[in-house]
Amino acid sequence: MEKRIGLEASIAVAEVVGLCDADVISAYPITPQTHIVEHLSEMVADGELQAAFVPVESEHSAMSVCCGTVAAGARTFTATSSQGLALMHEILFIVSALRLPVVMAVANRSLSGPISIWNDHSDVMAERDIGWVQIFAENAQEALDLTIWGFRLAEDQRVSLPVAVNFDGFILTHTIEPVLMPDRESVQAFLPAFEPLMRLDVDQPITMGPVGIPDIYTEAKKAHQEVLTQSYGPIVETLDAFAKSFGRQYLPVETYCADDAEVLLLTMGALGETAMTAVDQRREKGDKIGLVRLRLWRPFPFDDLIRAVGKVPVLGVMDRAISPGGPSPVASEVKATFYQQEQRPKVVEFTVGLGGRDTPLSDFDGMFDTLLAVHRGGEIPKPTIIGLRE
Amino acid sequence: MEGPNVFAARLFPQDNFFVSGHRACQGCAEVLAVRMVHQVLGRNTIVASATGCMEIISSSYPDTAWAIPWIHVAFENSAAVASGVETGLDILMKKGKIPRRRIQVVGMGGDGATADIGLQALSGALERGHNMIYVCYDNEAYMNTGIQRSSSTPFGAATTTSPAGKQSQGQSTWKKNIPMIAAAHNIPYVATASPSYPFDLVAKVKKAMKVKGPAYLHIFSCCPTGWRMKPELAIAIGRLAVQTGSFPLYEIENGKLEINLPTPELRPLKDYLKPQGRFRHLDDATIAEIELRVQAEYRKLERRQGQVL
């Protein structure tokens with residue numbers, strides 16, 4: 001039976017990694033991810049989880065160790081943030097190219113400089129092209145659910161790709177929330193034993209990670225592109241399977257009050273919850289505002305997004321990162337989604353909550369007012385940084 | 001053990017797990033060393049290789065020279081990847097998910113991958129005490145990228161990034177002592193070896209396999225292409241490196257140092273430097289200076305003979 005308990009999101013994630021019977025955890029400390037791996041190392045030390053905890057000397061080695069453990073056939077988890085994710089950068093591409101299904105929690109945090117331990121999405125946005133399945137959680141329940149699901153999807157032999165479960169640093173990782181903690185039996189029923197697509201086996205020797213000469217590199221990239229794009233089917237299927245097992249349905253793109261909305265605001269991650277409260281308040285005043293909550297970042301759910309926006313004429317996009325000298329990452333993707341569509345919304349770009357800058361309800365009100373003004377025929381404003389002190 | 005100077009081919013392990021068809025240069029002593037190491041390690045071995053010559057020449061898809069499981073991830077992390085393979089196998093055996101058996105996990109890299117870019121990953125793996133062997137095949141420069149200097153390039157050697165010129169005598173720094181850095185991790189076994197002394201090499205690989213915990217092997221790997229010398233001299237040069245004190249053969253077993261091929265009378269360094277184009281520019285005074293340093297280092301080693309470091 002699942003239990004309703006109050007847990008810090010990080011601890012909840014660590015607990016379900018235990019329920020998933022991970023064989024190896026390889027990690028390096030970095031704020032605000034540390035609570036996850038601290039708790040996992042406690043579970044290993046107390047004998048609650050039979051796993052190897054590898055306390056490596058850097059995130060680069062954390063991800064490198066993961067390559068080795070998964071290639072040996074071990075279910076492997078790691079977690080990181082910010083600079084740690086950046087230090088893994090080189091290896092992230094190779095893990096996915098080698099089709100090694102690591103599951104990683106990313107406690108999203110801003111990137112230096114200046115050094116900042118606080119929350120935004122600049123770490124993960126810099127890793128857009130790593131070839132992983134990348135998904136975002138909005139609350140503690142989603143963080144733990146998507147971690148369980150992450151193993152199921154990653155290890156699905158049709159996919160066999162690493163999965164990054166993003167959840168916002170501090171504002172989610174360090175928040176105690178009521179969660180439904182599944183029991184071991186239902187997790188085990190949902191998550192079959194790990195049967196790797198390929199493994200390093202002395203009885204059936206294989207060469208992993210060979211040289212890709214020009215004759216083969218393009219084809220290798222095409223294969224990677226295809227497997228990640230086609231993972232969409234298994235993603236939806238396994239999210240449905242999760243709903244059948246646990247009663248909680250997640251979709252690549254979700255909406256809130258979107259059916260009759262005149263304007264929509266697109267969010268990713270934990271700010272989606274604040275946004276819902278903000279929408280509720282404005283709805284009481286009669287403003288027809290709705291939300292699009294982008295859960296799946298890679299493979300990018302183009303069709304779901306087009307369906308979610310429908311005929312709504314104005315779409316605000318909240319980015320939690322900037323791309324200096326270019327369009328912000330999420331807005332860029334959204335615009336690309338709609339460019340070839342006959343029916344496309346006016347896109348209004350907001351940059352929000354950088355490096356832990358608080359995003360109160362009043363900021364949402366401001367963004368909604370802007371969107372409504374555009375809806376009334378006002379000009380599309382230039383991309384705006386919300387909450388900027390000037 | 002057979003005398004290190006004796007070589008009888010029939011006494012050598014015969015099964016090859018690094019097979020012919022690879023793309024190594026003529027006279028490459030590194031590829032010879034790789035083959036020898038794996039003749040000893042045998043079938044139940046998994047290799048994690050760094051990027052570098054040995055990776056490039058052995059794994060050009062769809063070909064492979066590896067008859068045993070082999071993984072290449074990146075340049076600086078073969079020790080970390082190997083430690084992961086070892087950890088993964090060990091926990092799967094403990095949990096009864098795979099049958100318990102002896103599988104030797106080996107990390108390998110060149111001197112750049114070991115002494116420079118991969119030093120941190122190597123140090124981490126050695127410190128964590130994984131039951132694995134790490135082999136550094138030291139050809140004293142970044143040969144794969146076109147003979148650039150590494151911290152393992154000897155003083156005076158001309159490379160493409162430490163060229164000899166009006167203001168330069170080639171490499172201006174002394175070879176980093178990686179075996180001793182490995183030994184400072186208090187691991188059970190550290191040894192230097194050379195394919196020019198195959199039975200000594202065989203004995204050391206066997207010892208490395210027996211220890212519980214990390215073993216580090218540092219293997220001299222003559223590179224005729226990068227050292228600008230005749231390919232047929234590779235084995236002879238390996239011997240001269242030992243006989244001149246440039247690359248002494250020793251092992252450190254549970255901290256105790258043993259010189260395996262004591263050379264009380266060192267040959268003149270010139271004998272070793274002469275056939276190599278990378279030292280061609282050196283004048284007699286510089287050679288004398290290098291010789292002084294090489295011999296002093298060797299005497300230092302001699303003084304520590306039999307001691308627990």
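Observations
- Each residue in the stretch B:57-102 was checked for being among the aromatic types (F, W, Y) and either over 21 Å from the mean Cα position of the chain (by Cα) or more than 19 Å from A:S96 (Cα to Cα) (or both), and 2 of them qualify.
- Any hit, the stretch A:350-360, residues being over 22 Å from the mean Cα position of the chain (by Cα) and among the acidic types (D, E): no
- Test: residue in the stretch B:136-156 that is within 14 Å of chain A (Cβ to nearest Cβ), touching a Phe, Trp or Tyr at 6+ places or on another chain (Cβ under 7 Å), assigned to a strand (DSSP E or B) and buried (at least 24 other Cβ atoms within 10 Å of the Cβ): no
- Any hit, the stretch B:284-306, residues being closer than 29 Å to B:F12 by Cα, of a type outside the set (S, T, Y) and in contact (Cβ under 8 Å) with a residue 40 or more places away in the chain: yes
- Selection count, the stretch A:21-48, where residues are within 14 Å of another protein chain (Cβ to nearest Cβ) and surrounded by 24 or more Cβ atoms within 10 Å (Cβ to Cβ): 8
- Residues that are small (G, A, S), facing another protein chain (nearest Cβ under 9 Å), touching a Pro at 6+ places or on another chain (Cβ under 9 Å) and not in a helix (DSSP H, G or I) are absent from the stretch B:45-55 altogether.
- Single unsatisfied condition, A:Q249 versus (1) in a loop (DSSP other than H, G, I, E, B); (2) more than 14 Å from chain B (Cβ to nearest Cβ); (3) surrounded by 13 or more Cβ atoms within 10 Å (Cβ to Cβ); (4) not hydroxyl-bearing (S, T, Y): (3)
- Evaluating A:A86 against the criteria (1) more than 11 Å from chain B (Cβ to nearest Cβ); (2) touching a residue at least 60 places away in the same chain (Cβ under 8 Å) leaves one unmet condition, (2).
- Among residues that are crowded, with 19+ Cβ neighbours inside 10 Å, within 14 Å of chain A (Cβ to nearest Cβ) and touching a residue at least 60 places away in the same chain (Cβ under 8 Å), B:G42 is not included.
- Count - residues of the stretch A:198-215 that are more than 7 Å from chain B (Cβ to nearest Cβ) and surrounded by 15 or more Cβ atoms within 10 Å (Cβ to Cβ): 2
- Of all residues making up the stretch B:56-99, the number that are surrounded by 21 or more Cβ atoms within 10 Å (Cβ to Cβ) and either in a helix (DSSP H, G or I) or more than 7 Å from chain A (Cβ to nearest Cβ) (or both): 18
- Index of the failed condition, A:F151 passing every other in (1) within 14 Å of another protein chain (Cβ to nearest Cβ); (2) under 25 Å from A:E226 (Cβ atoms); (3) of a type in the set (F, W, Y): (1)
- Residue match in the stretch B:100-110 (condition: facing chain A (nearest Cβ under 7 Å), assigned to a loop (DSSP other than H, G, I, E, B) and under 20 Å from A:I94 (Cα atoms)): no
Listed here are the residues, each with its yes/no results for (1) at pLDDT 95 or above; (2) touching a Cys at 6+ places or on another chain (Cβ under 6 Å); (3) within 26 Å of A:L361 (Cα to Cα); (4) within 14 Å of chain B (Cβ to nearest Cβ).
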site	(1), (2), (3), (4)
A:Y217	yes, no, no, yes
A:V236	yes, no, no, no
A:L239	yes, no, no, no
A:F242	yes, no, no, no
A:S245	yes, no, no, no
A:A261	yes, no, yes, no
A:A278	yes, no, yes, no
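- Pairs, first more than 7 Å from chain B (Cβ to nearest Cβ) and more than 18 Å from A:E90 (Cα to Cα) in the stretch A:54-80, second surrounded by fewer than 24 Cβ atoms within 10 Å (Cβ to Cβ) and among the charged types (D, E, K, R), C-beta under 8 Å, six or more apart: A:P55/B:R128; A:R75/A:D21; A:R75/A:E155
- Test: A:S41 is free of Cβ contacts under 8 Å to residues at least 40 places away in the same chain, on the phi < 0 side of the Ramachandran plot, assigned to a helix (DSSP H, G or I) and touching a Pro at 6+ places or on another chain (Cβ under 8 Å): yes
The values are calculated or read from the model by the stated rules, or taken from the named source; none is laboratory data. Because the structure is predicted, anything quoted here is derived from the model rather than measured. Here the Cβ is made from the backbone with ideal geometry for all residues, glycine too, and neighbour counts use every protein chain on show.
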